[in-house]
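Novice: Could you have a look at this structure, given as structure tokens, before my questions?
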Amino acid sequence: MPYHEDESNPSWVLTSPQTLTLLPRPLPKLVHPTDLLLHITHTGICGSDLHYLLHHRLGPFTVTAPLILGHESSGTIISHGPGTLPQFSPGTRVAIEPGIPCRYCQRCKAGRYNLCEGMKFAATPPVDGTLAKYVVMPADMCIPLPETVSSEEGAMLEPLAVGVHVMRSQAAVSPGEVVVVMGAGPVGLLCAAVAKARGAAEVVVVDVVKSRLEFVKGLTTCGGIETFHSAGCKDSSEVVEGLKERFGGLRVGGGAHKAVDATGVEVCIQSAIGVLRPGGTFVQAGMGRDLVQVPMVEVAAKEIVVKGSFRYAAGDYEEALRLVKDQLVDVRGLITHRFKFTEAVEAFETVKRGEGVKVIIEGARD
Ligand SMILES: [Zn+2]
Ligand SMILES: [Zn+2]
């Protein structure tokens, strides 16, 4: 990739609510000895990017200044600081873990840097995202891609790492377990694939949109993922009854071992808790309304373990890469739309219309 010192850095900037503008930004500089200058090759659009575009805020974060969107990216190394290891040579393709933690707090040192209060996460105000031609990232937040893994798959490691964190660290899915996932968006589908790759005996994905459930096909080589179309159910007890009827009471034990909500929708949260066997674990992975009604008597009586899950932490990206490299999870089928860098507005319109599963924007060319 030709690169000139006096070049500008074309970037997609959220300039005002609902307005994305392609602007020349200054070329990012190598600051620390282990920094890498990367040419971005692929960026997936995330629900959070769309949320910032439409509402200018998400949870506690509000956009108060122009913000570059995007955080699900892969890139090629252009140059590096003097302190990088030999595997980060120019031309190497990498997946980017898009958050830089403080590295010094107790949680960072415990490997749980997703909970670092000093985290600088891409496209989370005021930190700019990766939907730009060039980005500088520290080398330890970049993971080199082997020959057999494409840069497009590299960008997909971000949502896959979210699924790895849910299923490995939080739900701790073990071989032989029954797992229910509410929601067949990218994260729900990838959670299901990770659960299957971890040896779950039965994995069921639930969604109200039938076409989304089709995407479980070919997602993993570790056995079939079951689906349950919940559009006809009027409340959570009908979802739970329907699931138990279809899947043998969710097998011996009277319910799922693990249930994950990847929607943030109240009825889905209630269904996930309802479908668990006594002693089961519920993990909240989706972000929706902050205050929802949860059946707490059932949580107490069944000794349900309730956990959260947020982004990814130590080892999750490496595990996501292993799953793709060893062909246990195939992320390619989830990429339903591809756009050129100059077509980012159209790409966001596609996501806004709720079309497809994952929309990818290619990197800027000359
Ligand atoms: Zn994301
Ligand atoms: Zn920290």
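Novice: Within the group E177, E266, E226, which residue is in contact (Cβ under 8 Å) with a residue 12 or more places away in the chain, touching a Phe, Trp or Tyr at 6+ places or on another chain (Cβ under 8 Å) and open to solvent by 20 Å² or more (accessible area, probe 1.4 Å)?
Specialist: Within the list E177, E266, E226, the selection yields E226.
Novice: Within the range 98-139, can you find the residues that are open to solvent by less than 20 Å² (accessible area, probe 1.4 Å), away from ligand 2 (no atom under 16 Å from the Cβ) and among the hydrophobic types (A, V, I, L, M, F, W, C)?
Specialist: A122, A123, L131, A132, V135, M137, A139
Novice: Kindly check whether there is at least one residue in the range 325-337 that is open to solvent by 50 Å² or more (accessible area, probe 1.4 Å) and farther than 19 Å from A193 by Cα.
Specialist: Checked against the condition, which is being open to solvent by 50 Å² or more (accessible area, probe 1.4 Å) and farther than 19 Å from A193 by Cα, the range 325-337 yields no hits at all.
Novice: Let me ask another. Kindly check whether there is at least one residue in the range 245-252 that is in contact with a Phe, Trp or Tyr (Cβ under 9 Å, 6 or more places away or on another chain), open to solvent by 20 Å² or more (accessible area, probe 1.4 Å) and not small (G, A, S).
Specialist: yes
Novice: Only one of (1) open to solvent by less than 20 Å² (accessible area, probe 1.4 Å); (2) modelled with pLDDT under 95 is not met by V149, so which one is it?
Specialist: It fails just one condition, (2).
Novice: Something else now. Any residue in the range 32-54 that is within 11 Å of ligand 1 (Cβ to nearest atom) sitting within a Cβ distance under 7 Å of a residue that is of a type in the set (S, T, Y)? List the pairs, counting only those 6 or more apart or interchain.
Specialist: That search, which allows pairs on different chains as well, returns T43/S73; T43/T130.
Novice: Can you tell me which residues in the range 83-97 are in contact with a helix residue (DSSP H, G or I) (Cβ under 8 Å, 6 or more places away or on another chain), open to solvent by 30 Å² or more (accessible area, probe 1.4 Å) and modelled with pLDDT under 95?
Specialist: Answer for the range 83-97, where residues must be in contact with a helix residue (DSSP H, G or I) (Cβ under 8 Å, 6 or more places away or on another chain), open to solvent by 30 Å² or more (accessible area, probe 1.4 Å) and modelled with pLDDT under 95: just L85.
The values are calculated or read from the model by the stated rules, or taken from the named source; none is laboratory data. Just so it is clear, the model here is predicted, and its values are computed rather than measured. When we count neighbours, we look across all protein chains shown, and the Cβ atoms used for this are built from the backbone with ideal geometry, even at glycine. To get the accessible areas, we keep the full protein, side chains included, count just its heavy atoms, and leave off ligands, DNA and RNA. Shrake-Rupley method; radii C 1.70, N 1.55, O 1.52, S 1.80 Å.
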